[in-house]
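The values are calculated or read from the model by the stated rules, or taken from the named source; none is laboratory data. Keep in mind that what you see is a predicted model, and the values were worked out from it rather than measured. Cβ placement follows ideal geometry from the backbone for every residue including glycine, while neighbour counts extend to all protein chains displayed. Areas reflect the complete protein model, heavy atoms only, side chains present, ligands, DNA and RNA absent. Shrake-Rupley method; radii C 1.70, N 1.55, O 1.52, S 1.80 Å.
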Amino acid sequence: MWKGVIEEYRKFLPVTDKTPVVTLNEGNTPLVYACHVSSLVGEGVEVYLKYEGLNPTGSFKDRGMTMAISKAIEEGSKFVMCASTGNTSASAAAYSARAGLKCVVLIPEGAIALGKLSQAMIHNAKVIAVKGNFDDALNLVREITDKYPITLVNSINPYRIEGQKTGAFEICDSLGDAPDFHAIPVGNAGNITAYWKGYKEYKAAKKATKLPKMLGFQAEGAAPIVLGHPVKDPHTIATAIKIGNPASWKQAEAARDESGGLIDMVTDDEILAAYKLLAAKEGVFVEPASAASVAGVLKLAKKGYFKGARVHPSTSLGTGGPGSGKIKIVCILTGHGLKDPDRAIASVSKPAVVEAKLDAVLKEIGI
Ligand code: AN7
């Protein structure tokens, strides 16, 4: 039985026999081949989707939260706190509930998706809506956790990064090696930092022979790393990544530069197009922020970015799996589509309403 990321990757994580493991058996998410997206990107390319929405609370945050909460308990903490665009608060609330910790979350008022808010509330966290944006909320959390004996569980907490790097291990374990490109949405930039750390550690441990190029994507209205300066009033429909001053900015730039990758931005229209395409053509429902990784790959493909990339035969582990020798791109789909039902309903036409009569239904079907 899969026992969660701490037990499965214990030797790569800062835990001991004395660490009380708080887990919801997170991780082990599917790596799904994306037939339609692959064909759009071009010949000789395989696109895979790491469906992180299938974690226990519906996002990748659970990988980091199992570590942060386990270490908080080990260190005797009774009280944790975070700022959140939604998913961190949902995960912190769930793992705190399981561990018996008090949990307070600060969210930007009116700016988090309904599913995420409902999670934080039902798991019994104290939810405080701040009249400001995520960056304002995170500044307040930093100040409060500096002054009071409260553990901060945002990704500034290094244990969060440690847990999240296990996503890279799973991808290498599934593919038999690291992919050639790793595409990921960037908000507070913790996850791109974590994945890059994970890939490097797996290669050092000889579990992979190469490193991917890291491709990070911000939303156009919230693209501080692309622009090179903080964004005071970030805006995007992808509320999860509506962040103007990422905490792990420097580390994200390091991942980009060390890997020879890039950090680019995608418009809300491109995000929504990828969001709908994933649902309609791949059968994979994600929240808008997650679609930024696929939107970014499609944007780069249009420019011919992947045409120059060739897989050198000697770098392949030769697993002989389907399509080996092709360029492999992994897109991280960070959160589940059910997190933001309002966006789904607003994105497509409403259901038809007809009389409860056979002819009315047949007429609507067009039979
Ligand atoms: C679905 O929950 O920052 O670059 O407070 O929920 O590691 O921040 C969420 C971020 C991408 C960006 N996709 O990851 C929060 C929060 C989804 C997210 C990101 C988030 P980072």
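Would you confirm, using the coordinates I've provided, whether Ala113 is farther than 30 Å from Val297 by Cα, open to solvent by less than 10 Å² (accessible area, probe 1.4 Å) and either small (Gly, Ala, Ser) or touching an Asp or Glu at 6+ places or on another chain (Cβ under 7 Å) (or both)?
Considered against the rule, which asks whether it is farther than 30 Å from Val297 by Cα, open to solvent by less than 10 Å² (accessible area, probe 1.4 Å) and either small (Gly, Ala, Ser) or touching an Asp or Glu at 6+ places or on another chain (Cβ under 7 Å) (or both), Ala113 comes out as no.
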Count of the range 256-290 residues which are under 17 Å from Glu52 (Cβ atoms) and in contact with a Leu (Cβ under 6 Å, 6 or more places away or on another chain): 3
Ala255 being under 16 Å from Thr85 (Cβ atoms) and either under 19 Å from the mean Cα position of the chain (by Cα) or touching a residue at least 24 places away in the same chain (Cβ under 8 Å) (or both): no
Could you please give the count of residues in the range 117-137 that are without any contact (Cβ under 8 Å) to a residue 60 or more places away in the chain and over 11 Å from Val105 (Cα atoms)? 6
Among the residues that make up the range 61-75, is at least one of them more than 21 Å from Asn157 (Cα to Cα), touching a residue at least 40 places away in the same chain (Cβ under 8 Å) and part of a helix (DSSP H, G or I)? no
Return the total of residues in the range 153-167 being farther than 15 Å from Ile73 by Cβ, open to solvent by 10 Å² or more (accessible area, probe 1.4 Å), more than 12 Å from the ligand (Cβ to nearest atom) and of a type outside the set (Asp, Glu). 1
Tell me yes or no: at least one residue of the range 231-250 is at pLDDT 95 or above, under 22 Å from Tyr199 (Cα atoms) and not in a loop (DSSP other than H, G, I, E, B). yes
Among (1) of a type in the set (A, V, I, L, M); (2) open to solvent by 50 Å² or more (accessible area, probe 1.4 Å); (3) not in a loop (DSSP other than H, G, I, E, B), the one test that Leu211 misses: (3)
Sole miss for Ala222 among (1) in contact (Cβ under 8 Å) with a residue 60 or more places away in the chain; (2) in contact with a Ser or Thr (Cβ under 8 Å, 6 or more places away or on another chain) is condition (1)
Would you check which residues across the range 234-284 are under 19 Å from Lys213 (Cβ atoms), away from the ligand (no atom under 15 Å from the Cβ) and open to solvent by 20 Å² or more (accessible area, probe 1.4 Å) and list them? Asp257, Glu258, Gly260, Leu262
Single residue of the range 17-36 satisfying the filter (part of a loop (DSSP other than H, G, I, E, B) and closer than 16 Å to Ser174 by Cα) that is most open to solvent (accessible area, probe 1.4 Å): Asn28
Is the range 185-206 home to any residue that is away from the ligand (no atom under 14 Å from the Cβ) and among the β-branched types (Val, Ile, Thr)? no
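Out of the helices (runs of 4 or more DSSP H) lying entirely within the range 90-183, which hold 2 or more residues that are in contact with a His (Cβ under 9 Å, 6 or more places away or on another chain)?
166-175
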